[in-house]
1. Quick check on the exposure proxy: order 125, 57 from fewest to most C-beta atoms within 10 angstrom.
2. Rank these for me by crowding, 151, 33, going from fewest to most other beta carbons within 10 Å.
3. In which sequence would 165, 111 go, from the one with the fewest C-beta neighbours within 10 Å to the one with the most?
4. At a Förster radius of 41 Å, what calculated FRET efficiency corresponds to the Cβ-Cβ distance of residue 30 and residue 166, to the nearest 0.05?
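Each value in this text was obtained by applying a stated rule to the coordinates, not by laboratory testing. Note that this is a predicted model, so its numbers are computed, not measured. Ideal geometry is used to build each Cβ from the backbone, glycine not excepted, and the neighbour counts take in all protein chains shown.
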């Protein structure tokens with residue numbers, strides 16, 4: 001593969017992959033450990049008036065979606081995790097064009113999906129414990145935060161890609177326009193000369209010379 005022979009690209013790929021793997025591992029471990037430590041905790045204030053720990057068991061998805069339908073949630077979460085893995089494999093094939101921000105985005109999405117999937121397969125429900133005290137809001141966990149963060153970063157990635165694509169297209173259009181306006185410089189100029197470029201015959205002057213000399217070519221007697 002081309003990136004094996006390109007040492008700078010291979011080094012960049014390894015560094016970016018290491019960053020993504022590190023974020024993935026840290027978020028996943030933090031999610032599982034925090035769920036274990038707060039299991040059964042009730043009304044433990046962390047920041048007065050802002051956030052507290054309150055253990056709850058969620059049979060649905062993030063923010064209690066699809067509650068009491070564990071089979072549907074397992075299917076959705078497995079599909080989500082497989083989709084993220086496939087996206088990582090297909091779109092981040094080592095070619096030197098991807099960046100660490102994109103890899104971290106996938107790391108947040110993947111770790112969040114896997115964190116809740118482990119709970120779902122192991123316990124049949126997801127352990128939530130983070131509760132906002134200043135607003136009525138569903139109880140959530142670290143994996144939910146990672147998923148939301150990943151979605152926001154994915155939107156940013158899409159916006160950046162769109163803006164860069166538009167800028168590249170405009171730059172290429174401007175470059176083509178400048179090349180066409182440059183004096184004597186384009187391939188189109190050759191077409192306007194009636195030369196070989198437009199399919200016309202090459203003019204070496206031989207036929208015209210014969211015509212002007214009054215030779216056999218113009219019907220003369222050649223004398």
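1. Lowest to highest Cβ neighbour count: 57, 125.
2. Numbers: 151 14, 33 11.
Ascending Cβ contact count within 10 Å gives the list 33, 151.
3. Values: 165 10, 111 26.
Ranking 165, 111 by Cβ neighbours within 10 Å, fewest first, gives 165, 111.
4. After rounding to 0.05, the efficiency reads 0.60.
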